[in-house]
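Read through the structure below, which is laid out as structure tokens, and then see the notes.
The values are calculated or read from the model by the stated rules, or taken from the named source; none is laboratory data. On a predicted model such as this, the values are computed, not experimentally measured, just so you know. Cβ placement follows ideal geometry from the backbone for every residue including glycine, while neighbour counts extend to all protein chains displayed. Please note that ligands, DNA and RNA were not included when accessible areas were found on the heavy atoms of the full protein model with its side chains. Shrake-Rupley method; radii C 1.70, N 1.55, O 1.52, S 1.80 Å.
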Amino acid sequence: MTRRSIRRVVLVGPPGSGKTTQARAVSDKLGAPHVCIGELFRSNIARGTPLGMASRSYLDRGELVPDEWTTEIVRQRLAEPDAAGGFLVDGFPRTAHQARSLTEALNDAGTPVDLVVETLLERDEAALRLAGRRSCGSCGRIWHVRFNPPAVYGICDDCAGALEQRSDDAAAAIQHRLDLYDRDTAPLLELYRRQGVLATIDASGAVEDVTERMLSVLGV
Ligand code: AMP
């Protein structure tokens, strides 16, 4: 029996569970673009677009951007040609409203999600990862002051760019983001479990080990 190939994938897990790091690591092998919703917002903020200006305060406070704006930005991104054959979405859906709109949009297009991967991580560990997370202001590579430090403090190994801390990785925003995940996002997993499309992986431990687990559930 040939295995149905997995092309349309959604990653769901608490902030700090490594969704973006893992999506970057497996997107080429999956042959599908990485669609990172937080990154879409951050790039709109950096470019000063109307959406960026309107959403900035939500990101700074660790709040979710209103569903209407978020579903629209995702709809537009998934309509781009590179996503026609598949995608690896990281950071969406995060609310029941978003989950419904994703299901409707994909069902209308006849392309339902193949797999939802839950990156499971204890809350305390997620908070530790977020507090020490730094990203390169030039190339975007993600580092951690303790668990994955660059050779020279504050400088990216890859491009010598300066490392930055995200505004929403400040202590108060971290706890708030984790609360929102528990309240609004974690309940969606049950929905996907019932649909038979949920795979849960242990997101603790070394990045490479988690990547192996991710590749294994993706079947690539
Ligand atoms: P992330 O990079 O996934 O941690 O997302 C950073 C921030 O972007 C979040 O704290 C929200 O402010 C915003 N954001 C990302 N994804 C969503 C979403 N699905 N719904 C609403 N806001 C989001």
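Taking HIS34, is it modelled with pLDDT of 95 or more, open to solvent by 30 Å² or more (accessible area, probe 1.4 Å) and under 14 Å from ARG8 (Cα atoms)? Full working, then the answer.
Details: modelled with pLDDT of 95 or more: yes; open to solvent by 30 Å² or more (accessible area, probe 1.4 Å): yes; under 14 Å from ARG8 (Cα atoms): yes.
So HIS34 fits the description; yes.
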* Hey, any hits in region 138-150 for a residue that's in a strand (DSSP E or B), in contact with a helix residue (DSSP H, G or I) (Cβ under 7 Å, 6 or more places away or on another chain) and free of Cβ contacts under 8 Å to residues at least 40 places away in the same chain? -> yes
* Has region 59-68 got any residue that is more than 9 Å from the ligand (Cβ to nearest atom) and at pLDDT 95 or above? -> yes
* Of the residues LEU102, LEU106, which is within 26 Å of VAL217 (Cβ to Cβ), modelled with pLDDT of 95 or more and assigned to a helix (DSSP H, G or I)? -> LEU102
* Asked: How many of the residues in region 74-103 are near the ligand (Cβ under 9 Å from one of its atoms) and without any contact (Cβ under 8 Å) to a residue 40 or more places away in the chain?
  -> 2
* So which of ARG134, ARG166, ARG141 is among the basic types (Lys, Arg) and within 13 Å of the ligand (Cβ to nearest atom)? -> ARG166
* Name, by its number, the condition in (1) modelled with pLDDT of 95 or more; (2) open to solvent by 30 Å² or more (accessible area, probe 1.4 Å) that does not hold for PRO93. => (2)
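Regarding ARG75, is this residue open to solvent by 40 Å² or more (accessible area, probe 1.4 Å), within 16 Å of ILE45 (Cβ to Cβ) and assigned to a helix (DSSP H, G or I)?
Details: open to solvent by 40 Å² or more (accessible area, probe 1.4 Å): yes; within 16 Å of ILE45 (Cβ to Cβ): no; assigned to a helix (DSSP H, G or I): yes.
No: the conditions fail for ARG75.
What are the residues in region 155-166 that are outside any strand (DSSP E or B) and either among the acidic types (Asp, Glu) or surrounded by 14 or more Cβ atoms within 10 Å (Cβ to Cβ) (or both), if any? Reasoning before the result, please.
Just the residues of region 155-166 that are outside any strand (DSSP E or B), to begin with: 156-161, 165-166.
CYS156, ASP157, ASP158, GLY161, GLN165, ARG166 - these are the residues of region 155-166 that are outside any strand (DSSP E or B) and either among the acidic types (Asp, Glu) or surrounded by 14 or more Cβ atoms within 10 Å (Cβ to Cβ) (or both).
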* List the number of the failed condition for GLU39; all other conditions in (1) surrounded by fewer than 19 Cβ atoms within 10 Å (Cβ to Cβ); (2) over 15 Å from the mean Cα position of the chain (by Cα); (3) in contact (Cβ under 8 Å) with a residue 12 or more places away in the chain hold. => (2)
* Structure fact -> Scanning region 17-53 residue by residue, the ones that are assigned to a helix (DSSP H, G or I) and within 12 Å of the ligand (Cβ to nearest atom) total 15
